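Here is the structure we will look at.
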Amino acid sequence: MKWFITLLGVLLLVTGCTQEGSTDTQNNQKNPQTQSKEDFSSTALKIKPAKLSKREKSLVNQIGADYQTFYTVDGKIKSGEVFVSSIIIFKKGKQKEALSSPVNQTGFSSGLHSFQLQMEKKTTFLTIGAPNGYAKGSTTTPGSLGAFMFKKFDNNEITLKKDAPVYLSYLIGSSKNTVTSQDNEDMTTLPKSVKNAEFAVVFKVELKDSSDL
């Protein structure tokens, strides 16, 4: 898996620096006196699906992850609040484990973030990406799985508020020939089909107090 992690690191660093840098340059060109106080007291972040360039898509294809969600984060939060992205695992209807990656900063400038899922016969590799790096983990892949369903985040934009987690996307695996799932319209709750699945991987983002970590 070294090649997978290496390529992922290159992708995250290149795209993260590119997007953060260009946005920060634009922000620096603004006259501070013309910015409203609201810009510095926001308690919500804007989450959008990422639009990858040709170069970024090429790198993603080289990584070869089975399931991916790329998104951008923009806005400002109060000091003491933390943006947290997590991967949650459900096995036979029970939450078994999770991989979390908190970002301790108050300003976000449309940098690239991601969830990556690479499934192999015995192990499922989990990766959470951010402009400044990534967190990785793994879980055992049930050997009985034969069908999968992946619901991917494709909304134009969502607003992430404190203590209101958003489930961007999820994967359901089943030993049966087909998999069914209810639609997750508001993205703030998980369908019962996910919670009760034989195997499910959930991609979640949230705003929390740093004292709760």
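The values are calculated or read from the model by the stated rules, or taken from the named source; none is laboratory data. Just so we're clear, the structure is a prediction, and the values are computed from it rather than from any experiment. Counting neighbours? That spans all protein chains shown, and the Cβs are built from the backbone with ideal geometry, glycine included. Side chains are part of the model used for accessible areas, which takes the heavy atoms of the whole protein and leaves out ligands, DNA and RNA. Shrake-Rupley method; radii C 1.70, N 1.55, O 1.52, S 1.80 Å.
Arrange the residues T123, T69, T189 by how much accessible surface each exposes, largest first, with a 1.4 angstrom probe.
T189, T123, T69
The lysines within cross-link reach of K176, meaning a Cα-to-Cα straight distance under 25 Å and a gap of 8 or more places when in the same chain, are K91, K92, K94, K96, K121, K122, K151, K152, K192, K195. Calculated FRET efficiency, N156 to K122, Cβ-Cβ distance, R0 = 30 Å: about 0.20 to the nearest 0.05. What is the calculated FRET efficiency for S211 to D186, with r their C-beta to C-beta distance and R₀ = 30 Å, to the nearest 0.05? That gives a FRET efficiency of 0.65. In the complete set of protein chains, residue-level accessible area for K204 is approximately 30 Å², probe 1.4 angstrom. Counting only protein heavy atoms and a 1.4 Å probe, the stretch 79-130 has 41 square angstrom of accessible area per residue.
Rolling a 1.4 Å probe over the protein heavy atoms gives the stretch 145-213 an accessible area of 54 Å² per residue.
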